[in-house]
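S.K.: Below: one structure in structure tokens.
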Amino acid sequence: MVAASDSHVRVRLAPSPTGTLHIGTARTAVFNWLFARRQGGSFLLRIEDTDRARSKDEYTANILEGLQWLGLNWDEEPVIQSARIERHRTAIQQLLDSGHAYRCYASDDELTAMREAQAAAKQAPRYDNRHRNLSPEQQQAYITEGREAVVRFRIDDNAVITWNDLVRGPMRWSGSDLGGDMVIARRAPTDQIGDPLYNLVVVVDDAAMAISHVIRGEDHIANTAKQLLLYEALGEPAPVFAHTPLILNQEGKKLSKRDGVTSVSDFREMGYTAEALANYMTLLGWSPPEGMGERFSLAEAATVFGFDRVNKAGARFDWDKLNWLNGQVLHALPPKTLRDQLAPLWAQRGWGTAGPTADPQWQLDLTTLLGPSLTLLADGLDQAQPFFCCPELNEAARAQLDLEGARPGLAALLAALEQLPAEAPLDTATAQQLLGDAVTAAGIKKGLLMKSLRAALLGSLQGPDLQETWLLLHRLGEDRTRIARCL
Ligand code: GLU
């Protein structure tokens, strides 16, 4: 692994591939990435796959894909934690040799009885360090009994752990609040070292990767206190820590799977753009400097990002803001780019793959018409549907057509349309002329005809600009058919 110079900023995201890329992990990734880019440092990945039963390759793939999609590029080959297990074991042996760790033979039954006694005495649950100072004879007796041992790291109750958190300022923990001596390796026979556990492996790997700053969610604060003791015992310099606020749901509780959409891939499938989601995640806990507004790219945020503007309080998830940002991103896209994103969605429904609706220019003009009203890319499906498929008339449209003068007006318009030379494109001036003539011929108001035309063309009284809608449908030869079916 690369040895970094002291001043070089190296940060990492350390996801566990036990699920898809969660929005909380992605937000942690955003803050790490922004900090690395701002400082001219490196953003690294470590896949924490030591929970072999729950880790899956498909989750690793989902996580990497999600980060890439968001534009969070990393700088070195991802480190695979499970490949480093011998290094973790070596560190545990080092702690055993230096007396910072010891083997604990307490059985599950004994530990359960201990916790029940603590609960009965209204004490906080903790390991009571009962095997901390076993004599060689006592130890031998347990081994002879056939007991296996976990490895525990000594946590002195009198230890005072302090650090200067980049988000939360000076932090202070007491050793007595850390639950007693901590297990760093699972149970195994005494001549072996069992599977190394989270706090130990994170410290060994962060030290080996020369991580300068650990930026992660505030749910890891107690782990940080424990990890600082491990750095000291292993003789490794500790990184700087920054604990970012949690993401909360509408009720102010930690956002969880129960809130429905929590994976980056879910947001993607719902039609959110990577740019809007990344922008939104940056705002989840960070306030941009005055004058920057709320709409910016990751690269723009990276020019000003710092922990001085990261809030301590939890960040409430605000769908309205995310939707607003997504709309802003879509509206700012050049129509051709937007069309190229919509066309594959249309094609999935079998729309625009053959005939006049496959004409790229027609699709571009449709995109130009619909673009300003899209919030999600997926809105471009619902809104485009009546252009690709002749819609049924809804109730309001039928009522509109039943109004006195509506059908005579449309009949007059159809007659005029049929006079036009076939294949002649309809332009705005001609369209206006035709409307005016039909209004006169039928002796009705222009408003009545316009509304009836909308009902006939779109099957609804809602929709985009009528004139543009008509011109687009005319190019398909659809305007006449749709008017004729209403007469
Ligand atoms: N694998 C841990 C997690 O996903 C990493 C925490 C850390 O950043 O140290 O929560």
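Readers should treat all values here as calculations from the given coordinates under stated rules, not as data from a laboratory. All of these numbers come straight from a predicted model, not from anything done at the bench. Virtual Cβ from ideal backbone geometry, glycine too; neighbours counted across all protein chains shown.
S.K.: Any idea what the relative contact order of the chain is, in percent, if you count C-alpha pairs under 8 Å spaced at least 6 apart?
M.R.: Reported as a whole number, the value is 12 percent.
S.K.: Provide the per-residue ³J(HN,Hα) series for the range 147-157, in order, calculated from phi with Karplus coefficients 6.51, -1.76, 1.60 and θ = phi - 60°, each as a whole number of Hz, with x at glycine and proline positions.
M.R.: 6, 9, 10, 8, 9, 10, 9, 5, 10, 5, 4
S.K.: Moving on. Taking only the alpha-carbon atoms of the range 56-100, what semi-axes of the equivalent ellipsoid follow from 5 times the gyration tensor eigenvalues under a square root, in whole Å, largest first?
M.R.: Largest first, the range 56-100 gives 33, 12, 8 Å.
S.K.: Right, another one. Would you calculate the separation in nanometres between label points at THR481 and TYR231, each defined as 7 Å from the Cα along the Cα-to-beta-carbon direction?
M.R.: That separation, rounded to one decimal, is 7.0 nm.
S.K.: Same structure again: Run through every distinct alpha carbon pair of the range 116-234 and return the Kirkwood hydrodynamic radius in angstroms, one decimal place. Mind showing how you got there, number by number?
M.R.: On the way: mean 1/r = 0.0615 Å⁻¹.
Radius from the Kirkwood sum: 16.3 Å.
S.K.: What list of ³J(HN,Hα) values in whole Hz, one per residue of the range 41-48 in order, does the Karplus curve 6.51 cos²θ - 1.76 cosθ + 1.60 (θ = phi - 60°) give from phi, with Gly and Pro shown as x?
M.R.: x, 10, 10, 10, 10, 9, 8, 8
S.K.: Taking every DSSP beta bridge with both residues inside the range 211-332, roughly what % is antiparallel (nearest 5)?
M.R.: Around 20 percent antiparallel, to the nearest 5.
S.K.: Here's a follow-up. Could you state, as a whole-number percent, how many of the C-alpha pairs of the chain are farther apart than 37 Å?
M.R.: The answer is 48 percent, as a whole percent.
S.K.: Scan around GLY217 for amide H atoms under 5 Å from its own, H built in the peptide plane at 1.01 Å from N, and keep only partners 5 or more places away or cross-chain.
M.R.: Amide H neighbours of GLY217, under 5 Å, 5+ apart: THR244.
S.K.: Right, here's the next one. No solvent, one uniform scatterer per C-alpha: report log10 I(q)/I(0) for the range 56-160 via the Debye equation at q = 0.18 1/Å, two decimals.
M.R.: Once normalised to I(0) and log-transformed, intensities are -0.97.
S.K.: Using only the C-alpha atoms of the range 176-288, find the volume of their convex hull and express it per residue in Å³.
M.R.: 191
S.K.: Let me test this: with uniform point scatterers at the alpha carbons of the range 332-487, what is the Debye-based log₁₀ I(q)/I(0) at q = 0.11, 0.16 1/Å?
M.R.: -0.43, -0.88
S.K.: Could you give each residue of the range 307-312 its phi-based ³J(HN,Hα) in whole Hz, using Karplus coefficients 6.51, -1.76, 1.60 with θ = phi - 60°, and x for Gly or Pro?
M.R.: For the range 307-312, the Karplus-derived couplings read 6, 5, 9, 8, 7, 7 Hz, x marking Gly and Pro.
S.K.: Could you pull out every one of the aspartates and glutamates with an alpha carbon less than 16 Å from that of LYS312, ignoring same-chain neighbours closer than 8 positions?
M.R.: Partners within reach: ASP165, GLU218, ASP219.
S.K.: What does the extension gain come out to for SER98 and VAL304, with contour length at 0.36 nm per residue minus their alpha carbon separation?
M.R.: Here the answer is 69.7 nm.
S.K.: Give me the Å³ per residue figure for the convex hull around the C-alpha atoms of the range 352-441. Working shown, then result.
M.R.: Details: hull volume 12.6 nm³, N = 90.
Cα convex hull per residue, to the nearest whole number: 140 Å³.
S.K.: Dipole of the range 399-460 (Lys/Arg Cβ +1, Asp/Glu Cβ -1, origin at the Cα centre): which of THR428, ALA412, ALA455 lies farthest to the positive side?
M.R.: It is ALA455.
S.K.: A further question on this structure: May I have the extent of the alpha carbons of the range 3-102 along their three principal axes, as whole Å values ordered from largest to smallest?
M.R.: Rounded to whole Å, the extents work out to 45, 38, 21 Å.
S.K.: Which residue, GLN192, LEU230, TRP286, has the largest displacement toward the positive end of the dipole of the chain when charges sit on each Cβ (Lys, Arg +1; Asp, Glu -1)?
M.R.: Final value for the positive-end residue is TRP286.
S.K.: Please compute the length gained on full extension between ALA119 and ALA313, using 0.36 nm multiplied by the number of residues separating them and subtracting their Cα-Cα distance. Let's see the in-between values first.
M.R.: Details: separation 194, 0.36 × 194 = 69.84 nm, distance 3.17 nm.
Contour length minus the Cα-Cα distance gives 66.7 nm.
S.K.: Also, I was wondering about something else. Quick one: which residues, 5+ away or cross-chain, put their amide H under 5 Å from the amide H of VAL240? H built at 1.01 Å from N.
M.R.: HIS213, VAL214
S.K.: For the range 388-448, what log10 I(q)/I(0) values come out of the Debye formula at q = 0.16, 0.24 1/Å, with one point per alpha carbon and no solvent?
M.R.: Listed by q, the Debye log ratios stand at -0.61, -1.04.
S.K.: Separate question: Looking only at Cα atoms, what is the convex hull volume of the range 200-356 per residue, in Å³?
M.R.: 175
S.K.: Could you pull out every residue, at least 5 positions away or on a different chain, whose amide H is within less than 5 Å of the one on ARG187? Hs are placed 1.01 Å off N in the peptide plane, and Pro or chain starts have none.
M.R.: Hits under the 5 Å cutoff: none.
S.K.: Moving on to the next point. Sort out the exposed loop GluC sites (Glu not before Pro) in the chain (DSSP loop, at most 16 other Cβ within 10 Å) and tell me the longest stretch that has none.
M.R.: Counting at most 16 other Cβ atoms within 10 Å as exposed, the longest clean stretch of the chain is 149-250.
S.K.: With only Lys, Arg, Asp and Glu charged, each at its Cβ (+1 for the first two, -1 for the last two), find how big the charge dipole of the chain is about the Cα centre; round to the nearest 20 debye.
M.R.: Dipole size: approximately 580 debye.
S.K.: A follow-up question, please. Using only Cα atoms, tell me the angle between helix 335-348 and the longest principal axis of the chain; keep it within 0 to 90° and round to the nearest 10.
M.R.: Between the helix axis and the principal axis of the chain, the angle is about 90 degrees.
S.K.: Mean residue ellipticity at 222 nm from the helices of the chain, using -39,500 (n - 2.57) per DSSP H segment of n ≥ 4 over the full residue count, to the nearest 500 deg cm²/dmol?
M.R.: -14000 deg cm²/dmol
S.K.: Taking R0 as 60 Å, what's the FRET efficiency between VAL240 and GLN140 from their Cβ-Cβ distance, rounded to 0.05?
M.R.: So, using R0 = 60 Å, E works out to roughly 0.85.
S.K.: How far is helix 198-208 tilted, in degrees, relative to the longest principal axis of the Cα atoms in the chain, given as a value from 0 to 90 rounded to the nearest 10?
M.R.: 90
S.K.: Can you tell me the 0 to 90 degree angle between the C-alpha axis of helix 108-120 and the longest principal axis of the chain, rounded to 10?
M.R.: Its long axis makes an angle of about 80 degrees.
S.K.: Tell me, in nm to one decimal, what length is gained between ASP177 and LEU111 on full extension, where the rule is 0.36 nm per residue of separation less the Cα-Cα distance?
M.R.: Numbers: separation 66, 0.36 × 66 = 23.76 nm, distance 1.84 nm.
Fully extending the segment from ASP177 to LEU111 adds 21.9 nm.
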